[in-house]
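Trainee: Got a structure for you, questions after.
The values are calculated or read from the model by the stated rules, or taken from the named source; none is laboratory data. None of the values given here were measured: they were computed from a predicted structure. Counting neighbours? That spans all protein chains shown, and the Cβs are built from the backbone with ideal geometry, glycine included.
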Amino acid sequence: MTLPSVAAFTDTYFPTVNGVTYTIQAWRDCWRQRDGDMPVVYPGTDEYDPDEREYPVRSVPFPFYEGFRVGVPKVPDGVGDPDLVHAHTPFGLGMSAMRLARSRDLPLVASYHTPTSEYAAYVSLGEHVERTIRRTARRYEHWFFDRADVVVVPSERTREHVRDRIGIEATVEVVPNGIDTERFQPVDPGDFLQRYDLPTDRPIIGYTGRHGYEKCLPDIVAATEDMDVTVVFGGDGPARPDVEARAEAADLDVRFLGFLPREELPAFYSALDVFAFPSPVETQGLVALEANACGTPVAGVDSGALAETIEDGVNGYSYPQGDGEAFRDAIRRALDDRAELSGRCLERRETISIDHAVDRLTDVYQGVLDAEPADVPRNRS
């Protein structure tokens, strides 16, 4: 089967490290392994040298979120003549994707990776302003995504969100992001524990990823404060000072490891007894799946896509959003059932793989290309 050439546009890419960045790179690499072409257009920075078929454009820093940059809309000549266009952002380079699709009458696929409105707290100056920004963000999302031929979301819960909360009428298809199951598998964590001076005589509860306010990370400290455990945080972000302040006030052994190289993450997950995940805004929650692929159960909030990702008694336990006692109980239950849950996590590895995700993505692309013009209203004006 000859794969279509897909031009991918994103405002989130390396050197920024997050789930969106790794998903785009993983899809691109898998596409290439299958002899497909997927050029990636992204915000350029001196800190990252482009790989083959990666095209940086001029970018500007986003003033309210450190480390995030927005690409100045442009379609590099090197992109060539794609068969379809995939926008991984509704902002600067998403507009480039829309422009390319419209100018050449190509199908436009748009991924809904992140609920834009959830970041209102970063730019607001008060409750009234925050509500206004949230409403404006949802209106803009509706405008952009409803002009795509197909909107791709990573979970059923996210499909419900874009349908019910944003009111998107375009076709919405679920394509799980997938994870690299060759990388993420159980490993001996001994060297990792020694390198970071972590204990071997008590359970370890942990989280890694972006430290954003919307992730509710101080809840992890609150839920574990009366437990004889060590809590470890990998990653970084604007909310880290708040998490550190909460940890300093707690009678608890809390460690902050900072940014962890990707090659260390399998050992990090394998070192944990439970991965704690209180974020209610996930569209899928890749770090939870990475932990599961390494045999580590998750104690997470029953909200957003995590309500779908976490199956109680199978790969972890969930709790109602805002219920600190229930979060504590979910962690304790996951600790008690750790061995049984770990085995079940490993049994499900193939269903969360990148290959499985790209199989589904291929079907979506082919469906758009095969659709008659009457079936797919191309690039709504």
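Trainee: Could you check, for segment 162-174, whether at least one of its residues is part of a helix (DSSP H, G or I) and of a type in the set (Val, Ile, Thr)? Give the steps one after another, and end with the answer.
Mentor: The initial filter retains those residues of segment 162-174 that are part of a helix (DSSP H, G or I), namely 162-164.
Going one step further and asking which of them are of a type in the set (Val, Ile, Thr), we end up with 162.
The answer is yes, given that some residue of segment 162-174 is part of a helix (DSSP H, G or I) and of a type in the set (Val, Ile, Thr).
Trainee: Tally time: how many residues in segment 196-246 are under 23 Å from GLU263 (Cβ atoms) and either of a type in the set (Ser, Thr, Tyr) or outside the structural domain of PHE327 (by TED's automatic domain parsing) (or both)?
Mentor: So the count comes out to 5.
Trainee: Here's another thing I want to ask about it. For segment 218-236, check the following and say yes or no: at least one residue is among the aromatic types (Phe, Trp, Tyr) and under 30 Å from ASP355 (Cβ atoms). Before you say what the answer is, go through the steps one by one.
Mentor: Here is the first cut: in segment 218-236, the ones among the aromatic types (Phe, Trp, Tyr) are 233.
Adding the requirement that they be under 30 Å from ASP355 (Cβ atoms) leaves none.
No, segment 218-236 has no match at all.
Trainee: Let me ask another. Please state which of the following conditions GLU311 fails to meet, knowing it meets all the rest: (1) of a type outside the set (Lys, Arg); (2) farther than 25 Å from LEU198 by Cβ; (3) crowded, with 24+ Cβ neighbours inside 10 Å.
Mentor: Unmet condition: (3).
Trainee: Ok, one more. Could you list all residues from segment 1-31 that are assigned to a helix (DSSP H, G or I) and of a type outside the set (Lys, Arg)?
Mentor: So in segment 1-31, the residues assigned to a helix (DSSP H, G or I) come out as 19-31.
The answer is GLY19, VAL20, THR21, TYR22, THR23, ILE24, GLN25, ALA26, TRP27, ASP29, CYS30, TRP31.
Trainee: I've got another one for you. Against the definition (under 19 Å from ILE204 (Cβ atoms), part of a helix (DSSP H, G or I), at pLDDT 95 or above and under 19 Å from the mean Cα position of the chain (by Cα)), how does GLU290 come out, yes or no? Full working, then the answer.
Mentor: Values: under 19 Å from ILE204 (Cβ atoms): yes; part of a helix (DSSP H, G or I): yes; at pLDDT 95 or above: yes; under 19 Å from the mean Cα position of the chain (by Cα): yes.
So GLU290 fits the description; yes.
Trainee: Looking only at residues that are outside any loop (DSSP other than H, G, I, E, B), touching an Asp or Glu at 6+ places or on another chain (Cβ under 9 Å) and at pLDDT 95 or above in segment 143-156, which one is surrounded by the fewest Cβ atoms within 10 Å (Cβ to Cβ)?
Mentor: The residue in question is VAL150.
Trainee: State which residue pairs qualify: first residue closer than 30 Å to PRO238 by Cβ and inside segment 64-85, second residue among the aliphatic types (A, V, I, L, M) and modelled with pLDDT under 95 in any location, beta carbons under 6 Å apart, and separation of 6 or more residues or different chains.
Mentor: Partner pairs satisfying both residue conditions: PHE64/VAL123; VAL70/VAL60.
Trainee: Can you report the number of residues in segment 243-261 which are touching a residue at least 24 places away in the same chain (Cβ under 8 Å) and either outside any strand (DSSP E or B) or under 20 Å from the mean Cα position of the chain (by Cα) (or both)?
Mentor: Counting residues in segment 243-261 that are touching a residue at least 24 places away in the same chain (Cβ under 8 Å) and either outside any strand (DSSP E or B) or under 20 Å from the mean Cα position of the chain (by Cα) (or both) gives 9.
Trainee: Please determine, by comparing only the residues of segment 196-216 that are touching an Asp or Glu at 6+ places or on another chain (Cβ under 8 Å) and surrounded by 20 or more Cβ atoms within 10 Å (Cβ to Cβ), which one is farthest from VAL17 (Cα to Cα).
Mentor: Only one residue fits best here, namely ILE204.
Trainee: Among the residues of segment 238-249, count how many are over 11 Å from LEU217 (Cα atoms) and touching a helix residue (DSSP H, G or I) at 6+ places or on another chain (Cβ under 8 Å).
Mentor: Adding up the residues that qualify gives 1.
Trainee: Report, ordered by the first and then the second residue, all pairs with beta carbons closer than 7 Å, sequence separation of six or more or different chains, a first member in segment 361-381 that is under 12 Å from LEU106 (Cα atoms), and a second member that is buried (at least 17 other Cβ atoms within 10 Å of the Cβ) and modelled with pLDDT under 60.
Mentor: VAL368/VAL376
Trainee: While we're on this one: List every residue pair whose Cβ atoms lie under 7 Å apart, where the two residues are 6 or more positions apart in sequence or sit on different chains, the first residue falls within segment 115-143 and is farther than 15 Å from ARG165 by Cα, and the second residue, located anywhere, is at pLDDT 70 or above and not charged (D, E, K, R).
Mentor: Note: pairs meeting the criteria are ALA120/ILE133; ALA120/ALA137; ALA121/TYR213; VAL123/ILE133; SER124/ILE133.
Trainee: Let me ask another. I need a count of the residues in segment 180-195 that are assigned to a loop (DSSP other than H, G, I, E, B) and either surrounded by 20 or more Cβ atoms within 10 Å (Cβ to Cβ) or not hydrophobic (A, V, I, L, M, F, W, C) (or both).
Mentor: From segment 180-195, those assigned to a loop (DSSP other than H, G, I, E, B) are 180-189; that's our starting set.
Still in the running and either surrounded by 20 or more Cβ atoms within 10 Å (Cβ to Cβ) or not hydrophobic (A, V, I, L, M, F, W, C) (or both): 180-186, 188-189.
The total comes to 9.
Trainee: So, one more: For PHE233, are the conditions met, namely being under 26 Å from GLN185 (Cβ atoms) and assigned to a helix (DSSP H, G or I)? Walk me through it before giving the result.
Mentor: Numbers: under 26 Å from GLN185 (Cβ atoms): yes; assigned to a helix (DSSP H, G or I): no.
Considered against the rule, which asks whether it is under 26 Å from GLN185 (Cβ atoms) and assigned to a helix (DSSP H, G or I), PHE233 comes out as no.
Trainee: Further question: Out of VAL17, VAL85, VAL75, I need the residue that is modelled with pLDDT under 90, in the same structural domain as TRP143 (by TED's automatic domain parsing) and β-branched (Val, Ile, Thr). Which one? Please lay out each step first, then the result.
Mentor: Working: VAL85 fails: modelled with pLDDT under 90; VAL75 fails: modelled with pLDDT under 90.
After applying the criteria, what remains is VAL17.
Trainee: Do we find that LEU125 is assigned by TED's automatic domain parsing to the domain that holds TYR365, modelled with pLDDT of 95 or more and either hydrophobic (A, V, I, L, M, F, W, C) or under 28 Å from ASP46 (Cα atoms) (or both) in this structure? Let's see the steps before the verdict.
Mentor: On the way: assigned by TED's automatic domain parsing to the domain that holds TYR365: yes; modelled with pLDDT of 95 or more: no; either hydrophobic (A, V, I, L, M, F, W, C) or under 28 Å from ASP46 (Cα atoms) (or both): yes.
So LEU125 does not fit the description; no.
Trainee: Follow-up question, since we're still on this one. Which condition does LEU198 not pass, out of (1) aliphatic (A, V, I, L, M); (2) assigned to a helix (DSSP H, G or I); (3) over 16 Å from the mean Cα position of the chain (by Cα), if it passes all the others?
Mentor: The failed condition is (2).
Trainee: Among the numbered conditions (1) under 30 Å from ARG328 (Cβ atoms); (2) touching a strand residue (DSSP E or B) at 6+ places or on another chain (Cβ under 9 Å); (3) acidic (Asp, Glu), tell me where GLU182 comes up short.
Mentor: (1)
Trainee: Please find, among GLY343, GLY304, the residue that is within 30 Å of TRP27 (Cα to Cα) and outside any helix (DSSP H, G or I).
Mentor: Numbers: GLY343 fails: outside any helix (DSSP H, G or I).
Every option except GLY304 fails the conditions.
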